[in-house]
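Trainee: Mind looking over this structure? Questions follow.
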Amino acid sequence: MLTKVMFALHGAERADGLFSPDFRQQLHRVGVSRLQVNIDDAAVAPALRFGPGEPIAAVVSIWTTGTAEDAVRVVTSATSDPNLHAYRVSERVRLDLAAVDDGVRHPVLAQVALLRRPATMSQDEYRACWMGTHTAIAIRTQNTSAYVQNIVEESLTPGAPVLSAIVEEHFPMEAMADPHQFYGSRGDDAELGRRIGELMTSVAAFGADRDLDLVPTSAYGWDL
């Protein structure tokens, strides 16, 4: 069975090892078949970022037929991040990532959001609102070329903040500076306002307008 594990890495200086062939070989040896590295780097420096805790420098995703524990061990060793947070997730691909060659940067702003369920909502209510009602609105009101939802099933590292979901969305690079590019409103200010209003109302309905980490990234992937 294929398992997906996602990691939140803190400290940009710890991310260099994520790109080394030796790291990929170590992952392959423990059963990992796919690696994706999303890193907050110079290419996305102008983009918006925020969060309630220590800034996240990178989000690492692996797909493995081995054990999640082995994958956590390899990533922890490669990063030496004492605050590395790892989660086992269930993936739902709503808009697939465009294909690029191994190790080549996706030519987009890859925005990653780490979401927390409000205490006032049950898990069933939260998922119905987020994965049901909100998904269509998010795709309809934004200029999104890829949209991947990850339901957090289990925390795998001590002290990892409680998360409900991790979402990755891809936008044109121009979206960092131009809201019309972000929302796909084609220069129409009235349409831009309408899209923002519809999206923000939907986001607030399941608490994603607060208490979340938003991480702009460059995305790279490898088949191992």
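The values are calculated or read from the model by the stated rules, or taken from the named source; none is laboratory data. Just so it is clear, the structure is predicted and the values come from calculations on it, not from any experiment. Ideal geometry is used to build each Cβ from the backbone, glycine not excepted, and the neighbour counts take in all protein chains shown. All accessible areas refer to the heavy atoms of the entire protein, side chains included, with ligands and DNA or RNA removed. Shrake-Rupley method; radii C 1.70, N 1.55, O 1.52, S 1.80 Å.
Trainee: Identify all residues within segment 25-49 that are buried (at least 20 other Cβ atoms within 10 Å of the Cβ) and charged (D, E, K, R); write none if there are none.
Mentor: The answer is 40, and nothing else.
Trainee: Would you pick out the residues in segment 197-224 that are of a type in the set (Phe, Trp, Tyr) and open to solvent by less than 10 Å² (accessible area, probe 1.4 Å)?
Mentor: 206 - this is the single residue of segment 197-224 that is of a type in the set (Phe, Trp, Tyr) and open to solvent by less than 10 Å² (accessible area, probe 1.4 Å).
Trainee: Quick check: anything in segment 80-99 over 21 Å from residue 169 (Cβ atoms), of a type in the set (S, T, N, Q) and either modelled with pLDDT under 95 or under 14 Å from the mean Cα position of the chain (by Cα) (or both)?
Mentor: Among the residues of segment 80-99, at least one is over 21 Å from residue 169 (Cβ atoms), of a type in the set (S, T, N, Q) and either modelled with pLDDT under 95 or under 14 Å from the mean Cα position of the chain (by Cα) (or both), which makes the answer yes.
Trainee: Something else about it: Out of 118, 161, I need the residue that is surrounded by fewer than 21 Cβ atoms within 10 Å (Cβ to Cβ) and either among the basic types (Lys, Arg) or out of contact with any strand residue (DSSP E or B) (no Cβ under 8 Å at 6 or more places or on another chain) (or both). Which one?
Mentor: Unique residue meeting the criteria: 118.
Trainee: Select from segment 205-224 the residues that are aliphatic (A, V, I, L, M) and under 19 Å from the mean Cα position of the chain (by Cα) and write down the one among them that is nearest to residue 60 (Cα to Cα).
Mentor: Only one residue tops the list, namely 219.
Trainee: Given the options 197, 187, 159, name the one that is modelled with pLDDT of 95 or more, over 15 Å from the mean Cα position of the chain (by Cα) and assigned to a loop (DSSP other than H, G, I, E, B).
Mentor: Being modelled with pLDDT of 95 or more, over 15 Å from the mean Cα position of the chain (by Cα) and assigned to a loop (DSSP other than H, G, I, E, B) holds for just one of 197, 187, 159, which is 187.
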